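Novice: Attaching a single structure in structure tokens format; questions to follow.
The values are calculated or read from the model by the stated rules, or taken from the named source; none is laboratory data. Values in this document were obtained by computation on a predicted structure and should not be read as measured data. A quick note on method: Cβ atoms are made from the backbone with ideal geometry, for glycine too, and the neighbour counts reach across all protein chains shown. Heavy atoms of the whole protein, side chains included, go into the accessibility calculation; ligands, DNA and RNA do not. Shrake-Rupley method; radii C 1.70, N 1.55, O 1.52, S 1.80 Å.
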Amino acid sequence: MIHAIHEFHGLPPSRALRTAARSATCLLAAALLAACGPSSPPPPQAPSPVAATSAANAATVAAPSAASASATTCPAESFDQFLPLFENDVSVQKTYVTDPLQSDSVDPNADPEPKPVSKSLPKDQVTFPIMPSQSDQAKDGLTAKRTDTSATDIAVKLVKPDTDYQMTFFFRKDDCWHLYRVKDDSL
């Protein structure tokens with residue numbers, strides 16, 4: 001056989017031997033795979049660097065599509081429909097809070113008197129639920145007052161009568177309604 005490979009391909013005998021050995025190995029591997037039958041799944045393989053790069057590029061390209069898909073899947077067009085969904089569903093809150101969220105509060109321990117504090121909180125530092133549900137508002141005796149500053153800017157202030165509890169939630173509409181600012185005036 002080595003002579004046949006040598007004569008046919010014009011390879012030197014040592015290279016012809018390696019080629020014959022590789023051919024025999026391939027035939028043996030094919031026979032073993034055939035013996036396994038179609039019921040045995042192939043062993044899992046790590047993706048090649050090219051495949052991983054292609055997958056990463058596909059994810060990057062798909063990201064704008066996902067963003068535009070969420071833009072078309074706003075849970076409610078009007079604020080009257082959106083607010084109950086936002087209040088009562090933490091997943092809606094997590095989806096429709098801006099990143100970062102502006103958080104304004106009062107530092108009661110500032111010297112010589114309380115002073116305002118403003119922070120930009122990355123979404124991963126926001127504690128959810130950020131706004132109490134309607135049932136929690138009723139249970140805690142909170143009342144809500146809505147202020148429309150424009151057709152696309154609405155504030156909802158939650159207060160607890162006879163206490164210093166005052167939280168204002170600011171919403172803005174672009175592709176959908178988003179909570180972009182929280183103001184805690186409680187002391």
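Novice: Would you please list the contacts, defined by Cβ atoms under 6 Å and residues six or more apart or on different chains, that run from a residue in the stretch 169-187 that is under 13 Å from THR149 (Cβ atoms) to a residue that is among the small types (Gly, Ala, Ser) and part of a strand (DSSP E or B)?
Specialist: Between residues of the stretch 169-187 that are under 13 Å from THR149 (Cβ atoms) and residues that are among the small types (Gly, Ala, Ser) and part of a strand (DSSP E or B), the close pairs are PHE170/ALA155.
Novice: Can you tell me which condition PHE86 does not meet? The list is (1) open to solvent by 70 Å² or more (accessible area, probe 1.4 Å); (2) at pLDDT 95 or above; (3) not charged (D, E, K, R), and all the others hold.
Specialist: Among (1) open to solvent by 70 Å² or more (accessible area, probe 1.4 Å); (2) at pLDDT 95 or above; (3) not charged (D, E, K, R), the lone unmet condition for PHE86 is (1).
Novice: For the stretch 99-108, what are the residues that are surrounded by 17 or more Cβ atoms within 10 Å (Cβ to Cβ) and touching a Phe, Trp or Tyr at 6+ places or on another chain (Cβ under 8 Å)?
Specialist: LEU101
Novice: Right, something else. Out of THR147, THR95, report the one residue that is modelled with pLDDT of 95 or more and either out of contact with any helix residue (DSSP H, G or I) (no Cβ under 8 Å at 6 or more places or on another chain) or open to solvent by less than 70 Å² (accessible area, probe 1.4 Å) (or both). Steps first, please.
Specialist: Values: THR95 fails: either out of contact with any helix residue (DSSP H, G or I) (no Cβ under 8 Å at 6 or more places or on another chain) or open to solvent by less than 70 Å² (accessible area, probe 1.4 Å) (or both).
After ruling out the rest, the residue left standing is THR147.
Novice: Follow-up. Filter the stretch 130-152 down to residues that are within 30 Å of the chain's Cα centre (by Cα) and in a helix (DSSP H, G or I) and give me whichever is nearest to ASP162 (Cα to Cα).
Specialist: Out of the qualifying residues, it is GLN137.
Novice: Name the pairs: first residue in the stretch 107-118 and within 14 Å of ASP185 (Cβ to Cβ), second residue open to solvent by 100 Å² or more (accessible area, probe 1.4 Å) and outside any loop (DSSP other than H, G, I, E, B), Cβ to Cβ under 7 Å, at least 6 apart or on different chains?
Specialist: That search, which allows pairs on different chains as well, returns ASP107/LYS115.
Novice: A further question on this structure: What do you reckon, is LYS115 at pLDDT 95 or above, open to solvent by 40 Å² or more (accessible area, probe 1.4 Å) and of a type in the set (Lys, Arg)?
Specialist: Details: at pLDDT 95 or above: no; open to solvent by 40 Å² or more (accessible area, probe 1.4 Å): yes; of a type in the set (Lys, Arg): yes.
Against the criterion (at pLDDT 95 or above, open to solvent by 40 Å² or more (accessible area, probe 1.4 Å) and of a type in the set (Lys, Arg)), LYS115 does not qualify.
Novice: Of the numbered conditions (1) touching an Asp or Glu at 6+ places or on another chain (Cβ under 7 Å); (2) open to solvent by less than 70 Å² (accessible area, probe 1.4 Å); (3) not basic (Lys, Arg), LEU187 fails exactly one; give the number of that condition.
Specialist: Of everything listed in (1) touching an Asp or Glu at 6+ places or on another chain (Cβ under 7 Å); (2) open to solvent by less than 70 Å² (accessible area, probe 1.4 Å); (3) not basic (Lys, Arg), LEU187 misses just condition (2).
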